[in-house]
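The values are calculated or read from the model by the stated rules, or taken from the named source; none is laboratory data. Remember, predicted model here, so these are calculated numbers, not experimental data. Here the Cβ positions follow ideal geometry from the backbone for every residue, glycine too, while neighbour counts run over all protein chains shown. We work out accessible area using only protein heavy atoms, side chains counted, and drop any ligands, DNA or RNA first. Shrake-Rupley method; radii C 1.70, N 1.55, O 1.52, S 1.80 Å.
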Amino acid sequence: MKSIFKYSAGALLALSLIQNGPAFSQKKVEGYIIENGKLVSQFIGDKFTLARNNGYAIYNLSGDLLVSGIKTPSSLLASAPLDISHSAYFEKAALGSILKDLSGKPLNATTYSKTLPFITDNTPVLVASTVTDKKIVYIDTLGKEIISVSRENYFKALGIDIKANFSVTDHFIAKTMFFAAKDFKPFSDGLTPIFNPVSKRYGYVNTGFTLAIPASYTEAEVFSDGLAAVMDENKNWGYINKSGELIVPYSYSKKPGRFNSGLARVSTKTGKYGYINQSNEIIIEPAYTYGTVFYKGFALVRETYNSPVLLLDIKGTIVASFDPDYSFIDSSASSNYSSEDNPFFVPETLVQLVDYGKAIFKGTSGFSLVDKTGKEILTGDYKLLKDYHNGKMLAHWSKFIDGKTQHRYGIIDEQGNFLIEFTESAF
């Protein structure tokens, strides 16, 4: 890691942090960033979440408790921490879960049997009054229904006659196992993939739940920049447009990324990443062991594990280079989905660099806030920095002082001052 004394403007602050640790905040709130070894806190806009003994809580940046005692439901992907990234959240209820806004007010009167977290402005949920009476409902972040899909409508869109195509056993399964997480994704560009359980192929339906692109693909991803990645029967990937026309041929044996800023990440058989345009022209040669999706015209890459992290523009020009000891934070800043589950995933470090000109990197000895020139704005004994925006971020500071390891948790500014400090719940 670079020396914290490299830049004289921060030298006195750095020395103070080493000797005494950060100054204590006058504002303290109860809750945890980490619970059972997992990161559970989230800092979005002017609000943050914490785990407490009675459930999750939402606070504002004045330290006021807005909502407490929130119990999150087990989603179809995993039991996830509270997610407020889309200004709404699902809370566990007696017979499923309900959707609430950030003041804790229900957004509608519906109880959902199963849910998927919001990763964009809409998500599919399951509503079931009985074991066999089920429907998929796509809702927006205000709780408004976009479309309701019954079992009959689902199979009708695919042209399947349930009685003709299913045995008695399969018919029962079709009626009871109607909601598999992998088979439902949000609408994007007005389309979403749909799975045909008879042909075992994917197609696409529109928001009227009419089949817009026939189910002829082994795998199918969401649309982005007007194209979607699909797999053929030979397990090769290409891209189609919204009319179902093959725009990029089935040229890729490894799953490619989504198009963004006109480019998509592709991988060679040896695992080297490069980027193509929508004409299947290689714009950035596959020379990178690590590479992100493009975000607003920029991507992060590195040639090898020990090489510098590079910020590229859409021409492949190196805009900035960062210390080889750094790694970018390749986890979502705003979602409970992993990068594999979230088709709209963008790494936290990339978002911060592009939107704020500064970003959190992880080094060999801890986390640092770094600007586009590679200058360390904040570094030291940080075991965690997360969700940087508008000059503030979540932090876990830890240092061995006077024979004991001291821990501090909270929201800090770019100078390392604790604006709000988190303390253990009294109850």
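How large is the charge dipole for the range 219-264, taken about the Cα centre, if only the Cβ atoms of Lys, Arg (+1) and Asp, Glu (-1) carry charge, to the nearest 20 debye?
The dipole of the range 219-264 has a size of about 160 debye.
Taking GluC sites (Glu not before Pro) as exposed when DSSP calls them loop (any state but H, G, I, E, B) and at most 11 other Cβ atoms lie within 10 Å, what is the longest stretch of the chain free of them, the sites themselves excluded?
1-232
Would you kindly state how much longer the chain becomes between THR111 and LEU39 on full extension, computed as 0.36 nm times their sequence separation minus their alpha carbon distance, in nm to one decimal?
Contour length minus Cα-Cα distance gives 23.1 nm.
Count the net charge of all other residues whose Cβ sits under 12 Å from the Cβ of PHE118, scoring Lys and Arg as +1 and Asp and Glu as -1.
Once positives and negatives cancel, what remains is -3.
Give, in whole angstrom and from largest to smallest, the semi-axes √(5λ) of the equivalent ellipsoid of the range 229-322, with λ running over the eigenvalues of the Cα gyration tensor.
They are 25, 15, 9 Å, listed largest first.
Could you give me the radius of gyration and the Dmax of the range 65-125, taking only the C-alpha atoms into account and expressing both in angstrom?
10.6, 30
Taking every pair of alpha-carbon atoms in the chain, give the share separated by more than 31 Å as a whole percent.
Tail of the P(r) past 31 Å holds 48 percent of the pairs.
Considering only GLN26, GLN415, GLN278, give the residue with the highest GNM mean-square fluctuation for the chain, with springs between Cα atoms whenever their separation is below 10 Å.
The residue that fluctuates most here is GLN26.
Counting Lys +1, Arg +1, Asp -1, Glu -1, what net charge surrounds SER97 among other residues with beta carbon under 12 Å of its beta carbon?
That sum, taken over residues with Cβ under 12 Å, equals +3.
Calculate, for the range 337-427, the solvent-accessible area per residue in square angstrom, rolling a 1.4 angstrom probe over the heavy atoms of the protein chains.
Counting only protein heavy atoms, the per-residue value for the range 337-427 is 40 Å².
Where the centroid of each part is defined by its Cα atoms, how far is the range 231-256 from the range 362-427 in Å?
44 Å
Just name one of PHE48, ASN108, SER62: the one whose Cα is farthest towards the positive end of the charge dipole of the range 25-117 (beta-carbon charges, Lys/Arg +1, Asp/Glu -1).
It is ASN108.
Suppose every Lys and Arg Cβ carries +1 and every Asp and Glu Cβ carries -1, with no other charges. What dipole size does the chain come out with about its Cα centre, to the nearest 20 debye?
500 debye
Just to confirm the filter: which trypsin sites (Lys or Arg not before Pro) across the range 335-427 are DSSP coil and have at most 16 other Cβ within 10 angstrom of their Cβ?
LYS372, LYS375
Please give, to one decimal in nm, the separation of the simple spin-label points placed at SER148 and ASN241, each 7 Å out from Cα toward the Cβ.
In this crude label model, SER148 to ASN241 measures out at 3.7 nm.
In 5 Å bins starting at zero, report the fraction of Cα pairs in the range 42-146 per bin as a rounded %.
2, 13, 24, 26, 18, 10, 5, 2, 1, 0
In whole percent, and with a 1.4 Å probe on the protein chains, what portion of the accessible area of the range 264-312 is carbon and sulfur?
C and S fraction of accessible area: 52 percent.
Output ³J(HN,Hα) for the range 146-155: one whole-Hz value per residue in order, computed from phi by the Karplus curve 6.51 cos²θ - 1.76 cosθ + 1.60 with θ = phi - 60°, and x for Gly and Pro.
Rounded to whole hertz, the list is 8, 7, 10, 10, 7, 4, 5, 5, 4, 6.
Modelled label-to-label distance, LYS269 and THR218, 7 Å Cα→beta-carbon offset: nm?
The two pseudo-label positions are separated by 1.5 nm.
Between THR364, THR141, THR115, find the one with the highest GNM mean-square fluctuation for the chain; connect C-alpha pairs within less than 10 Å.
Most flexible of the set in this elastic network: THR364.
Quick one: helix 11-20 against the long Cα principal axis of the chain, what's the angle to the nearest 10°, folded into 0 to 90?
Computed tilt is about 90 degrees.
Which whole-Hz ³J(HN,Hα) couplings does the range 203-218 yield from phi under the Karplus relation 6.51 cos²θ - 1.76 cosθ + 1.60, θ = phi - 60°, glycine and proline marked x?
With the stated coefficients, the range 203-218 comes to x, 9, 10, 8, 6, x, 6, 9, 5, 9, 9, x, 7, 9, 10, 5 Hz.
Longer than 21 Å from Cα to Cα, which of LYS315/LYS375; LYS358/LYS392; LYS163/LYS200; LYS185/LYS386; LYS92/LYS156; LYS185/LYS255 are they? Say none if no pair is.
From LYS315/LYS375; LYS358/LYS392; LYS163/LYS200; LYS185/LYS386; LYS92/LYS156; LYS185/LYS255, over 21 Å: LYS315/LYS375; LYS185/LYS386; LYS92/LYS156.
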